[in-house]
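The values are calculated or read from the model by the stated rules, or taken from the named source; none is laboratory data. Owing to the predicted nature of the structure, the values given are computational and were not obtained by experimental measurement. Using ideal geometry, Cβ is built from the backbone for each residue, glycine included, and neighbour counts are taken over all protein chains shown.
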Amino acid sequence: MWWWAWSLGGLACDDGACRNASAARHRPPPPHEVSVQRAKLAWATRCGRAAEPALPQGCSHLWAAHTRKRADAPPVVLMAMFKKVEPASVVYFLEYHLLLGVQHVYIADNNCGDDLEKSAATLRPYVDAGLLTRNTQLACVDIKGLSGLMSYELRGGSSAAARLLQAHLQPGTLVVGLDDDEYVVFRNASKDLSDLAVQLRQKSVCAMQLLWKVYGSSHHECQPDGPFMREFTRRGKQMAELNQNGTLAMLKEMNDLGLNDPFVGKPVFFYWGSGATSCGTHSCKHCPKGQSNCAQRKGPSAECEAMGVGRSEVWINHYFFQSKEHWTMKKLRGRTNHAPPRRGDTAPESYEAVVDRAGTATLDRRVQSVREPALRGCLAQLFRTPLTNRTASAHRAHVKHAPSKQAKHAGSSEAHHPSSRSKAQRKAPHHAALDGSQRPQKSKTPGGRG
């Protein structure tokens, strides 16, 4: 018991959740898991595809050429917990955030049985390339039994991952804690997470909240096989885009259907040592002396607003519902916390209200601006980005003269120290009006959060 309390960064086990985890790895799947697998096969048949779709080709072997030290920026790391995440979603999630300036990824693997083996195989190329550290201390653990997650602030998987994995970090590292269906988006395609880290450090801000834009199903019944940003283009309105009645209606819908609060988000924060910055899943409680907390639960203070820490310039696209198929499976799998079960057949129409392709537009610009031809071509194929005539010609010339054998992956350890990465989008054009998205106007709703 004491060992788990220490090794899990202060998370303690209740009801034998951790003690029984090792034995759980070798047991037959429980009846509930069998039901989930049957539902998965039924949907695969209904949608006319294989039960295990083909894994998209990732670019892990090509990122080494893109790795350079950016002396003026703090390190940026991504932390997440994975459980029953489809391998294709893992690849899209990792490649996207590497492109966005993440220098190292830490994954707490909460899978079990066959899912644990599948997760290991999916993540191995990134581990071998030195891009990712995979931690299996929570494998087969029911994190509902972790007493450190019982409060509202700490009940999510991303906060559990951050608490478990922070021991790897050097002070002054910017921590981005996300779930696999959350994608950070900058309004300006020439900006990335390193730029955000520099901005926050210069303003002595220890934490900043990135608000969600919650996407619905875009009326997909079967789960599409492409990148989320291409397939799901309709979202619900943010609080700044609603009047008071609209805000209250969405909050009532949230309670009726057991949904997440659509008007919150996730914090990014600097790690300054154990306990120096206290952050949960959606907000931060306090910062080290002399630094401002712009990730408070009630929203940013007037001080943060005056400093120009603008949440309208960077946010999180949260692909919460996805297709009817995905939503059905998500409900069957249950929650990682003690919140009420989710209900409803598919995404409510309120989450289809706004057509917003801003994330896709900036993604394409980032891919097109990658300097290394091989990496640019790989990312363009993965994210289905059209290359301009100039970039396409450069890519073809590189492929024509490239060696026939692919370079070997660098290293083979399950744990690597993060290395700094330069910006993929240094030459990207400045933001113009993005297709299908408008900058929200400030809400006139009393107490509204933008």
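Brief remarks follow.
- Residues of the range 286-301 classified as of a type in the set (Lys, Arg) and at pLDDT below 85, total: 2
- Evaluation of GLU305 against the conditions (1) crowded, with 20+ Cβ neighbours inside 10 Å; (2) of a type outside the set (Phe, Trp, Tyr); (3) at pLDDT below 90 shows that the sole unmet condition is (1).
- Residue in the range 115-159 that is modelled with the highest pLDDT, counting only those that are in a strand (DSSP E or B) and closer than 28 Å to GLN37 by Cα: ARG134
- Qualifying residue in the range 370-390 (condition: charged (D, E, K, R), surrounded by fewer than 18 Cβ atoms within 10 Å (Cβ to Cβ) and modelled with pLDDT under 90): yes
- Just one of (1) small (Gly, Ala, Ser); (2) at pLDDT below 85; (3) within 30 Å of SER35 (Cβ to Cβ) fails for SER404. It is (3).
- Options CYS378, CYS304; residue that is farther than 25 Å from MET208 by Cβ, touching a residue at least 12 places away in the same chain (Cβ under 8 Å) and not acidic (Asp, Glu): CYS378
- The set of residues from the range 125-138 being surrounded by fewer than 22 Cβ atoms within 10 Å (Cβ to Cβ), out of contact with any His (no Cβ under 9 Å at 6 or more places or on another chain) and not polar (S, T, N, Q) comprises just one member, ARG134.
- Listed by position, the helices (runs of 4 or more DSSP H) enclosed by the range 4-107 that each have at least 2 residues that are modelled with pLDDT of 85 or more, loosely packed, with under 13 Cβ neighbours inside 10 Å and not acidic (Asp, Glu) are 31-46.
- Matching entry among ALA207, ALA240 (being in a strand (DSSP E or B), surrounded by 19 or more Cβ atoms within 10 Å (Cβ to Cβ) and among the small types (Gly, Ala, Ser)): ALA207
- Residues in the range 108-121 that are buried (at least 20 other Cβ atoms within 10 Å of the Cβ) and more than 9 Å from PHE82 (Cβ to Cβ): CYS112 only.
- On inspection, VAL91 does not qualify as touching a His at 6+ places or on another chain (Cβ under 9 Å), aliphatic (A, V, I, L, M) and within 23 Å of LEU375 (Cα to Cα).
- Taking the criterion of being within 24 Å of PRO171 (Cα to Cα) and among the aliphatic types (A, V, I, L, M), the residues of the range 288-313 that qualify are ALA295, MET307, VAL309.
- Failed item, numbered, when SER217 is tested on (1) touching a residue at least 12 places away in the same chain (Cβ under 8 Å); (2) outside any loop (DSSP other than H, G, I, E, B): (2)
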